[in-house]
1. Among the residues of the stretch 147-159, is any crowded, with 18+ Cβ neighbours inside 10 Å, not in a helix (DSSP H, G or I) and not aliphatic (A, V, I, L, M)?
2. Only one residue in A79, A60 is modelled with pLDDT of 65 or more, of a type outside the set (S, T, N, Q) and closer than 17 Å to A228 by Cβ. Which one?
3. Take the residues in the stretch 62-115 that are away from ligand 2 (no atom under 14 Å from the Cβ) and of a type in the set (K, R); name whichever of them is nearest to L209 (Cα to Cα).
4. Looking at E161, E145, E132, E124, which one is out of contact with any Phe, Trp or Tyr (no Cβ under 8 Å at 6 or more places or on another chain) and over 22 Å from A70 (Cα atoms)?
5. Given the residues Q165, Q93, Q130, Q109, which is the only one that is assigned by TED's automatic domain parsing to the domain that holds I224, modelled with pLDDT of 95 or more and farther than 24 Å from E222 by Cβ?
6. Conditions: (1) part of a helix (DSSP H, G or I); (2) away from ligand 1 (no atom under 16 Å from the Cβ). G206 meets all but one. Number of the miss?
7. Yes or no: K143 in contact with a Leu (Cβ under 7 Å, 6 or more places away or on another chain), more than 30 Å from A172 (Cα to Cα) and either more than 12 Å from ligand 2 (Cβ to nearest atom) or at pLDDT below 95 (or both)?
Amino acid sequence: MAKKAAKAKARTASRAKKTTKSATTRRKTAARTKTTARSKAAIRRKTATRAKTAVRRAAAPKVSAAVRRAAQEVKTSLAVAEMPEDAIALLQQDHRAVEALFEEFENTQKKADKAALAAKICLELRVHTQIEEELLYPPAHRKLEHDLVDEAIVEHASAKELIRQIEAMDPAEHLYDAKIKVLSEYIKHHVKEEETEMFPKLRGRGLNLHALAEQLFKRKAELIRGYAKAG
Ligand SMILES: [Fe+2]
Ligand SMILES: [Fe+2]
């Protein structure tokens, strides 16, 4: 009898040991799975960040030395600039800045000064059109009539094509001044539509224009920094 009881006790102890062992194994496996999932998520996050950086780097096109110099100048003034209170004020400030540059260009005769001004105009417009397309037009497309935003995108494309041509030219070349003049006319028309139709309609449509200003300001500085060191 005593032998039988001892055997039963041993069997129970062995089962208990096995149960404890398998529970420990399960805990270890679960911990390992959790760690693996966490590392996988971290790798995914890193890969996504690298991909985003790569896209942004790839998106920064090669620019002339004049555009790079213009960007270095703008970068310095932007570092001490105050952020406008809302997105619309920020974009209108950009519009006034480029209008002033076009006016200055019209009153300039020296080829070297013309080249420097044209580089500034092209840089301002490259950055302005990009931040609008990345951050303003998508919510505007959702909130307003699609035609309004679609036409703005097409107008940007025409302006960008002219900018590419101007950047590849020398101020002494035939049609240089004419191209700057036509670009200023395109921009005048486009700005009028934005300021009299798109921007007023965007107010009161539930957009956080202050938060959007922060995003536009940040992205603008980022793009200018990119151009300042672009090759
Ligand atoms: Fe625009
Ligand atoms: Fe604009």
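The values are calculated or read from the model by the stated rules, or taken from the named source; none is laboratory data. Worth saying up front: this structure is predicted, and the values here are computed from it rather than measured. So basically every Cβ, Gly included, is an ideal-geometry build from the backbone, and we count neighbours across all protein chains shown.
1. Checked against the condition, which is being crowded, with 18+ Cβ neighbours inside 10 Å, not in a helix (DSSP H, G or I) and not aliphatic (A, V, I, L, M), the stretch 147-159 yields no hits at all.
2. Of A79, A60, the one residue that is modelled with pLDDT of 65 or more, of a type outside the set (S, T, N, Q) and closer than 17 Å to A228 by Cβ is A79.
3. Ranking the candidates gives K75 first.
4. Result: E145 is the single residue among E161, E145, E132, E124 that is out of contact with any Phe, Trp or Tyr (no Cβ under 8 Å at 6 or more places or on another chain) and over 22 Å from A70 (Cα atoms).
5. Criteria check complete, one pass: Q165.
6. Failed condition: (1).
7. Judged against the criteria, K143 is a match.
Table: residues versus (1) over 27 Å from M198 (Cβ atoms); (2) within 18 Å of the chain's Cα centre (by Cα); (3) away from ligand 1 (no atom under 15 Å from the Cβ); (4) of a type in the set (D, E, K, R).
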| position | (1), (2), (3), (4) |
| --- | --- |
| V67 | yes, no, yes, no |
| I88 | no, yes, no, no |
| E99 | no, no, no, yes |
| N107 | yes, no, yes, no |
| A112 | yes, no, yes, no |
| E132 | no, yes, no, yes |
| E151 | no, no, no, yes |
